[in-house]
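Everything below concerns the one structure shown next.
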Amino acid sequence: MSEMLYSKNPTKKTIVNINGVKFGQEFGIIAGPCAVESKEQLIEVAKTLLDSDVKIMRASAYKPRTTPYSFQGMEEEGIDILSEVGKETGLATETEITSIEQIKHASKKIDVLRVGARNMQNFELLKALNKVDNPVILKNGLASTIDEFLGASEYLLQGGKTNVILCWRGIRTYETQTRFTADVLAIPILKELTHLPVIADPSHPAGRLELVTPLSKAFVAAGVDGLIVETHPDPKNSKGDTLQQIPLKEFEKYVQIVRNYAKK
Ligand code: PEP
Ligand code: MN
């Protein structure tokens, strides 16, 4: 088998620059609500992000939910709202796409496209994404091995794409106290095996607010290049992931703690 494009080569370390934040070279934070709910919501989030010197906003417009009866996201309208807020505030925008058909519109409007855990092995989607210039964040599948995760990243890198970031979001195990099992050791292992920047999502494995800061610290200690974290003006009344999103009024403090930790 020929050498994989993701493979670590001591002379090569990929740096992905998003709005001046150089993932792979400096510690970066991406933050925002689980889902786009309204323009007012995103403007409120954007102000807090700017106050905390966070330059990239996440928010999902397409939500792959467990059943079709849960909120499915604002879809194309959500993409347009996120794009407007990005333009008005100077924040870079980041969102999940769940199908090939969404790429055309989203790639024009949104800076960074995310492949969620449930689509990590949607290889046709990954192949379609290697044809757009937008940076892509690939999350690991719920029940995928680290090798399968890296193998999936190869579909993005094929054909010369280089601006790919891996995001570790934990895996499904028998443990029920947490939403997912974080398996922090995946971080140094990934960094051993690939030159791509490796970030982590503390929100989804933690599943509840109290665990987000300790898990963020653990990810930082394990050597992540950045974090993608959920924050919302009023998590209890949000349209999903109500327990884990950091209330906006606590966000600045969270960023301070994590950045201080990253400097150590
Ligand atoms: C998300 O980041 O919005 C999300 C749904 O996470 P995951 O794909 O990791 O479940
Ligand atoms: Mn979420």
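Roll a 1.4 angstrom probe over the protein heavy atoms and tell me the percent of accessible area of the stretch 16-263 that is carbon or sulfur.
Answer for the stretch 16-263 is 50 percent, counting heavy atoms of protein chains only.
Rank these residues by their accessible area, most exposed first, probe 1.4 Å: TYR174, TYR254, TYR6.
Numbers: TYR174 205, TYR254 10, TYR6 35 Å².
The ranking, largest first, comes out as TYR174, TYR6, TYR254.
Mind listing the phi-derived Karplus ³J(HN,Hα) values for the stretch 7-18, rounded to whole Hz, using 6.51, -1.76 and 1.60 with θ = phi - 60°, and x for any glycine or proline?
The phi angles translate into 4, 5, 9, x, 8, 10, 9, 7, 10, 10, 8, 10 Hz.
What distance in nm separates the simple spin-label points at ALA221 and LYS108, each placed 7 Å from Cα in the Cβ direction?
4.8
Averaged per residue, what accessible surface does the stretch 16-263 expose to a 1.4 Å probe, in Å²? Please report the intermediate quantities before stating the final value.
Working: 10390 Å² over 248 residues.
It amounts to 42 Å² per residue over the stretch 16-263.
How many angstrom separate the Cα center of the stretch 39-72 from the Cα center of the stretch 188-264?
Result: 15 Å between the Cα centres.
Which value, in Å² rounded to 10, gives the accessible area of ARG179 with a 1.4 Å probe and all protein chains present?
Result for ARG179: roughly 100 Å² accessible.
THR231: accessible area at probe 1.4 Å, nearest 10 Å²?
Probe radius 1.4 Å; accessible area of THR231 about 0 Å².
Taking 8 Å as the Cα distance limit and 6 or more residues as the minimum spacing, I'd like the relative contact order of the stretch 93-149 as a percentage. Intermediate results must be reported in sequence, preceding the final value.
Working: 76 pairs, mean separation 19.8, N = 57.
Relative contact order comes out at 35 percent.
I need the GluC sites (Glu not before Pro) found in the stretch 120-184, filtered to DSSP loop residues with at most 13 other beta carbons within 10 Å of theirs.
Passing sites in the stretch 120-184 are GLU175.
In this model, which of LYS87/LYS131; LYS87/LYS264; LYS12/LYS263; LYS8/LYS39 are farther than 31 Å apart at the alpha-carbon? Intermediate results must be reported in sequence, preceding the final value.
Values: LYS87/LYS131 24 Å; LYS87/LYS264 34 Å; LYS12/LYS263 24 Å; LYS8/LYS39 41 Å.
From the list (LYS87/LYS131; LYS87/LYS264; LYS12/LYS263; LYS8/LYS39), the Cα-Cα distance tops 31 Å for LYS87/LYS264; LYS8/LYS39.
Please work out how much accessible surface CYS34 shows to a 1.4 Å probe, ignoring ligands, DNA and RNA, in Å² rounded to 10.
Near enough 10 Å² of accessible area.
Apply the Karplus parameterisation 6.51 cos²θ - 1.76 cosθ + 1.60, with θ equal to phi minus 60°, to every residue of the stretch 74-89 and state each ³J(HN,Hα) to the nearest whole Hz, in sequence, with x for glycine and proline.
Once rounded to whole Hz, the list reads 8, 6, 4, 4, x, 4, 5, 5, 4, 4, 4, 5, x, 5, 6, 10.
Applying 1/(1 + (r/R0)^6) with R0 = 22 Å to the Cβ-Cβ distance of GLN72 and LYS39, what FRET efficiency is obtained, to the nearest 0.05?
That gives a FRET efficiency of 0.75.
What percent do you get for the relative contact order of the chain when only Cα pairs under 8 Å and 6+ apart count?
21
Using each residue's phi in the stretch 42-56, evaluate 6.51 cos²θ - 1.76 cosθ + 1.60 at θ = phi - 60° and report the 3J(HN,Hα) Karplus result to the nearest Hz, with x for Gly and Pro.
Rounded to whole hertz, the list is 5, 5, 4, 4, 4, 4, 5, 4, 5, 4, 9, 6, 9, 10, 10.
Show that you can apply the helix-only estimate: for the chain, add -39,500 (n - 2.57) for every DSSP H stretch of four or more residues, divide by all residues, and state [θ] at 222 nm to the nearest 500.
Dividing the helical sum by the residues of the chain leaves -11000 deg cm²/dmol.
Give me the base-10 log of I(q)/I(0) for the stretch 1-128 at each q in 0.10, 0.14, 0.20, 0.22 Å⁻¹, Debye formula, one uniform scatterer per Cα, rounded to two decimals.
-0.36, -0.68, -1.18, -1.31
How large is the Kirkwood hydrodynamic radius of the stretch 16-263, counting all unique pairs of alpha carbons, in Å? Please list the in-between numbers first.
Numbers: mean 1/r = 0.0565 Å⁻¹.
By the Kirkwood definition, the hydrodynamic radius is 17.7 Å.
Once the Cβ-Cβ distance between ARG208 and GLN158 is put in as r, and R0 is 51 Å, what FRET efficiency do you end up with, to the nearest 0.05?
E(calc), rounded to 0.05, equals 0.85.
The values are calculated or read from the model by the stated rules, or taken from the named source; none is laboratory data. Note that this is a predicted model, so its numbers are computed, not measured. Glycine gets a Cβ as well: all are built from the backbone with ideal geometry, and neighbour counts include every protein chain shown. Heads up: the accessible areas ignore ligands, DNA and RNA and are worked out on the full protein's heavy atoms, side chains in. Shrake-Rupley method; radii C 1.70, N 1.55, O 1.52, S 1.80 Å.
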